[in-house]
Amino acid sequence: MTSTTRIDLRVTTEDKEKMERLAAKSGHPSLSSYIRYCALNKKIKSQLDAELALELLKMNADLSRLGNLLRLTLKTHQGGYTKEQLIFIEDTLKKTTLILKEKVNAL
């Protein structure tokens, strides 16, 4: 379907630059196409960098392994750490894992 009707839209320079970045990220061939999809409430798919996603997944696996090593340390001995330090380490690992998962889901 060929678009035949023109609509003028005024935006700030910053807004235009942001929309152009978002359009490029989503893989739309033009800013017009991207704005049309947004205005018509159509689902916009992001073009995801596969290498970046793979790297994030590897980081998540590394964090899981670190958590498992921490649990093993707790079961065998405290490794010279105080209980408070161990709790802090575990909480930090959990928070980091959640942040990483949120970022992956946002992609």
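When the stretch 1-17 is limited to residues that are assigned to a loop (DSSP other than H, G, I, E, B) and basic (Lys, Arg), the one that is modelled with the highest pLDDT turns out to be ARG10. If I filter the stretch 72-88 for residues that are over 30 Å from ARG21 (Cα atoms), outside any helix (DSSP H, G or I) and either modelled with pLDDT of 80 or more or among the hydroxyl-bearing types (Ser, Thr, Tyr) (or both), do I get at least one hit? Yes: one or more hits. On the given criteria, is THR76 surrounded by 15 or more Cβ atoms within 10 Å (Cβ to Cβ), outside the structural domain of LEU22 (by TED's automatic domain parsing) and not hydrophobic (A, V, I, L, M, F, W, C)? Here the answer is no, as THR76 does not meet what is asked. Against the test of being in contact with a Phe, Trp or Tyr (Cβ under 8 Å, 6 or more places away or on another chain), in a helix (DSSP H, G or I), modelled with pLDDT of 80 or more and surrounded by 13 or more Cβ atoms within 10 Å (Cβ to Cβ), the options LEU22, LEU63 yield a single qualifying residue, LEU22.
The values are calculated or read from the model by the stated rules, or taken from the named source; none is laboratory data. None of the values given here were measured: they were computed from a predicted structure. Every residue, glycine among them, receives a Cβ derived from its backbone with ideal geometry; neighbour counts consider all protein chains shown.
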